[in-house]
Amino acid sequence: MKVTIWGCRGSLASPGPETVRFGGQTSCVTVHLSDGSLLILDAGTGIRPLGMALGHDHPKRIDIFITHLHTDHIEGLRFFDPIWDPSVELNVWGPPSPVRELRSRIAPYFAPPFFPVHLRNIPSHPAFRDAPTSTWRIGSAAITAQLIKHPGPTVGYRVEENGSALAYLPDHEPALGSDLSTVEAEWISGFALAAGAAVLLHDAQYTQEEYDERVGWGHSSTEDVVTFARRAGSRRLVLFHHDPLHSDEQLERILARANELRASGDADVELAREGMTFEL
Amino acid sequence: MAEAHTQRNLILILARDLASRLATPVFVVDHEGTLVYFNEAAEPVLGRTYAETGELRAGEWATEWTPTDDEGRLIPLEDLPLGVAFREGRASHLPFRIVGGDGVARAIEATAFPLLIREGEIVGAIAVFWERPAEETAKR
């Protein structure tokens, strides 16, 4: 599979000269499978340039996997060109809620006063589906979604093809209430999704000092994400969901700190940036 | 290398995280009724530590502490608060007696509720419990 990052900024789109190297678009990642299927992880503002890049040659079936309904993960959906194409089969998967179906939770974003066009009038008539609780197949990939620690219903995804796995946990606070270095692995949120993944895209929004003042906000510190990747045995850790207040220079310092924390055998660490690709 | 590739349901992880920080005795079971955790506050009441018991299947923990009513009649699992929470998908409360792992008989009361993630889908249950005041126990 080929993985491309279209947006890796957290919370709020942050364009400008301070963020030009790693990018200001909010979360969006594509996964092109070997059978030609297109999977899209989250619909932050990064999905808008993706739609433009796909042009009229987009696949007839597109599956979008939403991790949760915070604005920075769905705000781009309305500006994703293929949703305006009635010939597209568009499936939107998302976290199951205990009480309301996905469609009714997303519908307010497609309605006045937030948007002029009602969801029922979107030409592609997207199908909204709760992510199943057990692994399912789309094209040549096996998809697993599991609830993870973040405020409100939130899932992470694992996409596996030909024995290689991508783990995507852009908003995740596994250290909330847990000592990640000592707790048994089966009691770590997100562990099964990330275990042995060739590439782990994981929340790394805060420095440790910032995290100490924002415990419970649903995001991870540099220290915690390095420990999480170590416990999960992930082979390549990509720091994701950059804080909108962090400049490129600050992100470089976070990467340097992550490399200081690495122990022998730990995953390689790098910063997510727009345009970054991986072949798995 | 990754450790074993299995993981508990997030709701159970959150329940254990919460219980581990409470001064109220808490007992957590999974979707099969297996005891997966009780907190430090529960240990003096149960007369054992979780490190000693580890996980216990429903049929095991339901008899481990010999639950009886105030007249000494054994209470079957399905009538204990956790049993009701599972069977009927609702909260349940009951005063009863147990014999702790330390051999001490205690009068307790427990409230249990199911962990429902969707209508009809129970991923576990929680019981909170406490020792009844001695004077109340003596009246019975």
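See the values below:
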item	result
Hits in segment A:105-146 (condition: open to solvent by 40 Å² or more (accessible area, probe 1.4 Å), in a helix (DSSP H, G or I) and within 13 Å of A:Val92 (Cβ to Cβ))	A:Tyr109
Residue, farthest from the other protein chains (Cβ to nearest Cβ), within segment A:156-189, restricted to residues that are among the hydrophobic types (A, V, I, L, M, F, W, C) and part of a helix (DSSP H, G or I)	A:Trp187
Residue tally, condition surrounded by 24 or more Cβ atoms within 10 Å (Cβ to Cβ) and within 14 Å of another protein chain (Cβ to nearest Cβ), over segment A:217-236	4
A:Arg214 being in contact with a Phe, Trp or Tyr (Cβ under 8 Å, 6 or more places away or on another chain), surrounded by fewer than 24 Cβ atoms within 10 Å (Cβ to Cβ) and under 25 Å from A:Val159 (Cα atoms)	no
A:Ala192 being within 13 Å of another protein chain (Cβ to nearest Cβ) and either in contact with a strand residue (DSSP E or B) (Cβ under 6 Å, 6 or more places away or on another chain) or part of a loop (DSSP other than H, G, I, E, B) (or both)	no
Conditions (1) out of contact with any Asp or Glu (no Cβ under 8 Å at 6 or more places or on another chain); (2) farther than 26 Å from B:Arg21 by Cβ; number of the one not met by B:Arg87	(1)
Matching residues in segment A:2-21 - criterion: being outside any strand (DSSP E or B) and open to solvent by less than 20 Å² (accessible area, probe 1.4 Å)	A:Cys8, A:Gly10, A:Ser14, A:Thr19
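Residue by residue, here is whether (1) open to solvent by less than 60 Å² (accessible area, probe 1.4 Å); (2) closer than 27 Å to B:Leu14 by Cα; (3) at pLDDT 95 or above; (4) under 15 Å from the mean Cα position of the chain (by Cα) holds:
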| residue | (1), (2), (3), (4) |
| --- | --- |
| B:Asp69 | yes, no, yes, no |
| B:Leu74 | no, no, yes, no |
| B:Val84 | yes, yes, yes, yes |
| B:His93 | no, yes, yes, yes |
| B:Leu116 | no, yes, no, no |
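The values are calculated or read from the model by the stated rules, or taken from the named source; none is laboratory data. Being a predicted model, the structure only gives us computed values, none of them experimental. For neighbour counting, all protein chains shown are included, and Cβ atoms are generated from backbone atoms with ideal geometry for every residue, glycine included. Heads up: the accessible areas ignore ligands, DNA and RNA and are worked out on the full protein's heavy atoms, side chains in. Shrake-Rupley method; radii C 1.70, N 1.55, O 1.52, S 1.80 Å.
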